[in-house]
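K.L.:
Take this structure first; my questions come after.
We did not get these values from a lab; they are worked out from the coordinates using the rules stated. These figures come from a predicted structure and were not determined experimentally. With ideal geometry, Cβ positions are generated from the backbone for all residues, glycine too; neighbour counts draw on all protein chains shown.
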Amino acid sequence: MEIDRPDSRTRNQLRPLACSRNILNRAHGSARWSQGDTIVLAAVYGPKTGTRKNENPEKASIEVIWKPRTGQVGKAEKEYEMILKRTLQSICVLTINQNTTTTVILQVVNDDGSLLPCAINAACAALVDAGIPVKHLAVAICCGMAGSGSVILDPTKLEELKMEAFTYLVFPNSVHSVLPEGSLHVDGEPVEHGIITSVTHGVISVDDYLYCLERGHAASAKISDFLRRSLQSHAPSDPSKAA
């Protein structure tokens, strides 16, 4: 059953994607990622010598700082920082550059829904731009339950407000974009068949969640292809640099 969406997209249709890298002069790596009118700017600084308190000095450390478009950092922003940190730690090679800290700053430029997935995609692109060693890339998508068992992908802010529940899903990118083919398997399964992060808001049944996983995984392949194409070019997309 099709549902009417304000922007006339189908349930499985993503908003237009755009990615620019190497746009901040003073950052070691940066990326601007947009999904429709949701835009996040990510900046990477480091690795710098030393780790923060309670961090393992025998590994590299990831620090995440979330900057909202307006207002102060609250509970939601702190939750985003924690989710981003755990997600980025899972894809970075932490045994290289031991006893160092890499700081990732996420600046929200505009929020029109699916904000956290947009930020994760921006952060991943910025890490690559900074040359931070990663085991594989990651792509994120939001799946929303619109009622009557309908799942919509990449909801806008207006759609999120009407959702019964929604889940943020982060999947591994195709391994051949980073490491030799066949080098990443878990229990005999390629890593891209797995999931990195899952965060659910609202009440959702097991069957509906599994359906979200299916739809999200299919959509992640499209985002993965776009990310790979974006990373193939080492030249900045925008010749003008921000200070």
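K.L.:
Full-extension gain between His217 and Asn99, please, as 0.36 nm times their residue separation minus the C-alpha to C-alpha distance.
P.N.:
39.0 nm
K.L.:
Quick one: which residues, 5 or more positions from Ile65 or on another chain, have an amide H under 5 Å from its amide H? H modelled 1.01 Å from N in the peptide plane, none for Pro or chain starts.
P.N.:
Long-range HN contacts for Ile65: Val104, Ile105, Leu106.
K.L.:
Run lengths n ≥ 4 of DSSP H only: what is the helix-derived mean residue ellipticity at 222 nm for the chain, with -39500 (n - 2.57) per run over all residues, to the nearest 500?
P.N.:
The per-residue figure over the chain is -9000 deg cm²/dmol.
K.L.:
Once a ≥ b ≥ c are taken as the square roots of the eigenvalues of the Cα gyration tensor of the chain, is the result rounded (a/c under 1.5), prolate (a/b larger than b/c) or oblate (a/b not larger than b/c)?
P.N.:
prolate
K.L.:
If the rule is a partner Cβ under 4.7 Å, which cysteines in the chain fail it?
P.N.:
By the Cβ distance rule, which asks for a partner under 4.7 Å, the isolated cysteines are Cys19, Cys92, Cys118, Cys124, Cys142.
K.L.:
Between Ala122, Ala138, Ala146, where does the largest GNM mean-square fluctuation fall for the chain, given springs only between Cα atoms within less than 10 Å?
P.N.:
Ala146
K.L.:
Cα-Cα over 26 Å: which of Lys135/Lys157; Lys59/Lys85; Lys53/Lys78; Lys53/Lys157; Lys75/Lys157; Lys78/Lys157?
P.N.:
Beyond 26 Å: Lys135/Lys157; Lys53/Lys157.
K.L.:
Can you give the charge dipole size of the chain about its Cα centre, rounded to the nearest 20 debye, using +1 on the beta carbon of Lys and Arg and -1 on the beta carbon of Asp and Glu?
P.N.:
That gives the chain a dipole magnitude of about 960 debye.
K.L.:
Sticking with the crude label model, points 7 Å out along Cα→Cβ, report the distance from Val109 to Val73 in nm, one decimal please.
P.N.:
Label at Val109, label at Val73, 2.2 nm between them.
K.L.:
Whole-Hz ³J(HN,Hα) for each residue in the stretch 41-52, computed from phi via Karplus 6.51 cos²θ - 1.76 cosθ + 1.60 with θ = phi - 60°, x for glycine and proline: what do you get?
P.N.:
With the stated coefficients, the stretch 41-52 comes to 10, 10, 10, 10, 10, x, x, 10, 4, x, 10, 6 Hz.
K.L.:
Right, here's the next one. Answer rounded, prolate or oblate for the stretch 26-86, using the Cα gyration tensor with square roots of eigenvalues a ≥ b ≥ c: rounded when a/c is under 1.5, else prolate when a/b is larger than b/c, else oblate.
P.N.:
Taking the square roots of the gyration eigenvalues as a ≥ b ≥ c, the stretch 26-86 is oblate.
K.L.:
Also: For Ala18 paired with Ile65, estimate the spin-label separation in nm (one decimal), with each label point 7 Å from Cα along the Cα-to-Cβ line.
P.N.:
2.7
K.L.:
Is the C-alpha gyration tensor of the stretch 13-130 telling us rounded, prolate or oblate? Criteria: a/c under 1.5 is rounded; beyond that, a/b larger than b/c is prolate, otherwise oblate.
P.N.:
prolate
K.L.:
By how many degrees, between 0 and 90 and to the nearest 10, does the Cα long axis of helix 115-130 differ from the longest principal axis of the chain?
P.N.:
The angle comes out near 30 degrees.
K.L.:
Among Pro133, Pro16, Pro117, which one shows the biggest mean-square fluctuation in a GNM of the chain, springs joining Cα atoms closer than 10 Å?
P.N.:
The residue that fluctuates most here is Pro16.
K.L.:
Can you give the FRET efficiency to the nearest 0.05 for Leu210 and Ile3, using r as the Cβ-Cβ distance and R₀ = 25 Å?
P.N.:
0.80
K.L.:
Can you pull out the GluC sites (Glu not before Pro) in the stretch 17-106 that DSSP calls coil and that have at most 11 other Cβ atoms within 10 Å?
P.N.:
Glu58
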